[in-house]
Amino acid sequence: MTRKTSLVLTTVLAALAATLLAAAPASGSKETDDDEAAIRRTVQLYFDGIIEYDEAKLKQAFHPDAFLTGIHKSGAFEREPFDEWVVYTRGDAPDSTGRNNEIAFIDIGGNAAVVKTELRWPHVHYTDYLSLLKIDGEWKIVHKSWQAAPDAG
């Protein structure tokens, strides 16, 4: 992606976020609480799907047109559509011992949300930024931006 394309995309996303935040329900409202609980369930499906290699759970969490974009611990840029990424979960799941996943924060703006997650696994630490949209009443991950770093501990 060129710098110009990246800048345009960033500007469009910032404008969209500002528009959605202006329409956001008040913090602590029943609607916000319900949305946060639903977002947490979606993210838990993602966590369970990647730990268990459960493609069905991942398909519940992600929109079928989602993209995953990130920086591998080698520094390489990676980008692929969800339907290509999810095939890596086919087969037997690795041992889940030492794989700890947590939500660092959730920011909800109307029908859009961003969730930062930390996945601390043996030999690697992933930081994910999940973009979610409420589509037809369901929260779906529409984009995952991530970076991986060798585990320091």
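Taken together, the values in this text are just the output of simple stated rules run on the coordinates, not laboratory data. Computed from a predicted model, the values in this text were never measured in an experiment. Positions of Cβ are generated from backbone atoms using ideal geometry, with glycine treated the same way; all protein chains shown enter the neighbour counts.
Once you order the gyration tensor axes a ≥ b ≥ c over the Cα atoms, which shape class does segment 77-124 get: rounded for a/c under 1.5, otherwise prolate or oblate by comparing a/b with b/c?
Verdict is oblate for segment 77-124.
LYS57: which lysines have alpha carbons under 21 Å from its alpha carbon, excluding same-chain residues fewer than 8 sequence positions away?
Correct list for LYS57: LYS116, LYS134, LYS140, LYS144.
Just to confirm the filter: which trypsin sites (Lys or Arg not before Pro) across segment 67-109 are DSSP coil and have at most 10 other Cβ within 10 angstrom of their Cβ?
ARG90
At 1.002 mPa s and 20 °C, plugging the Kirkwood radius over alpha-carbon pairs of segment 72-153 into Stokes-Einstein gives what diffusion coefficient in µm²/s?
149 µm²/s
Please list, in order along segment 127-138, the HN-Hα scalar couplings obtained from phi with the Karplus expression 6.51 cos²θ - 1.76 cosθ + 1.60 (θ = phi - 60°), rounded to whole Hz, x for Gly and Pro.
For segment 127-138, the Karplus curve yields 10, 10, 10, 9, 9, 10, 10, 8, 10, 6, x, 10 Hz.
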